[in-house]
Structure formats: structure tokens, C-alpha cells
Amino acid sequence: MKRLLFAVFFFAVSVMTFAQGSIIKPVYDIAELEINDGDEVLTVFNMPEEGQNHYYLCLGTLGFGDDFVQLNIDPVSQLFIPLGGTLEEAVAKMEELKAVAKQESGTVVETVGTLAIGNPSMGEEETVYVTARRPLLRRLIEFSVKRNGYLRATHISKGELGSLISTVKIYRKLHPKEK
């Protein structure tokens, strides 16, 4: 009798799991770059939905704080920037973000992004402020989100973003049929 109940229970559970829609969507990495000795990972990926490609730039975790002090106490929320529906649009958007680093320090450009856990579909779109910073002979790009009087931010260098762009361009040449 126990075996029969056990078999019926697992059959019911397996039927219910197939009936449910998947919350986790497939993600295909295109480019990945480890920075700060592997502490942070920048990623460009494709998350197709209903036969249409959606490319994103994942900038990793953000710190909490203000303009001067940032504490990294949230290890799970990541910032995602939508890049478009084709690889051409993705490269163009990343080139646009990289161009911010060439501008005068303190120049701010607004874009749309998602601060979420897991993948971009788990959060809501909000304004992301992209700011040019130039500390001691470096060109940094600050990505920040303002919430409830505090700032959540991360910084990447112009060179790191350039490396990602180069990798995506190579991927695009290797996969010409992928739009």
C-alpha cells in the first residue's frame, strides 16, 4: 500500500510540474568578463522570449551609499541594461555607453535598466544614471540607481566595456545568422 501511495504522489507531482509555466527563462551568455580578480563579472547575454531575442548587459551587484561611500552588502541583486533585439543594436547601445567615458567628468546620461535578482524579467524597469568619472588617469563609467534618498552604484572602466564590445563583435562574426 505504501508503494502505491508513493507512486501516486510522485506521479501527481510530476504532472503538476509539467503543467506549470517556467519562471526561469533560458539565458545564453555571449560575452563574459571577470574584473577585480574575479570578484565581479560583467556579462552580455541573450534571453529569448517567444522566438524574439532580447540582449542584456549585466553589470553585477551594486553598492549602497551616497556619492562618496559605497558598501557592497547586497550580494544577489544585479543591474541589467537592455541592449535591444539584435546583436547590431546591442553593439550600438554598448558603444553609446562607452562614449560617456570620453565626456567631461560628471556628465550624466539617463538610460533604462532593471535592478533584480536572477534575471531582468524578475524586476521592474527604472531610470539608470550613467556618469563619466575620471579619478587619477582612469576613465570610469558609473551606473547608479537612486532609491529612497540613497544611491546604489557600480563602476566599470572604459577598457572593460571595450573588451565586452570586442567579444560581442567577434561573436557576431562567428554567428552571422543570429539576429
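Checked against a 23 Å cut-off, the cross-linked pairs 93/169; 93/158; 25/98 give Cα-Cα distances beyond that limit for 25/98.
Report the paramagnetic label zone for residue 28: residues of segment 145-179 whose backbone N is under 20 Å from a point 7 Å from Cα along the Cα-to-Cβ axis. Under 20 Å, as judged by backbone N against the label point of residue 28, lie 164-179 of segment 145-179. In this label model, residue 92 and residue 49 are separated by 2.1 nm, measuring between points 7 Å along each Cα→Cβ vector.
Volume per residue for segment 54-179 equals 107 cubic angstrom (convex hull of Cα atoms).
Take the Cα of residue 36, step 7 Å toward its Cβ, do the same at residue 148, and the gap between the two points is 2.2 nm. Annotation: for a label point projected 7 angstrom from Cα along Cα→Cβ of residue 102, residues of segment 119-135 with backbone N closer than 16 Å are 132-133.
With a Förster radius of 30 Å applied to the C-beta separation of residue 166 and residue 138, the computed FRET efficiency comes to 0.95. Restricting the calculation to Cα atoms, segment 137-177 shows an Rg/Rh of 1.23 when the hydrodynamic-style radius is the Kirkwood one.
Read-outs: derived from the displayed coordinates by stated rules, not from any lab. Quick caveat, the model's predicted, so the values are computed rather than measured. Reconstructed Cβ throughout: ideal geometry from the backbone, glycine too, with neighbour counts over all protein chains shown.
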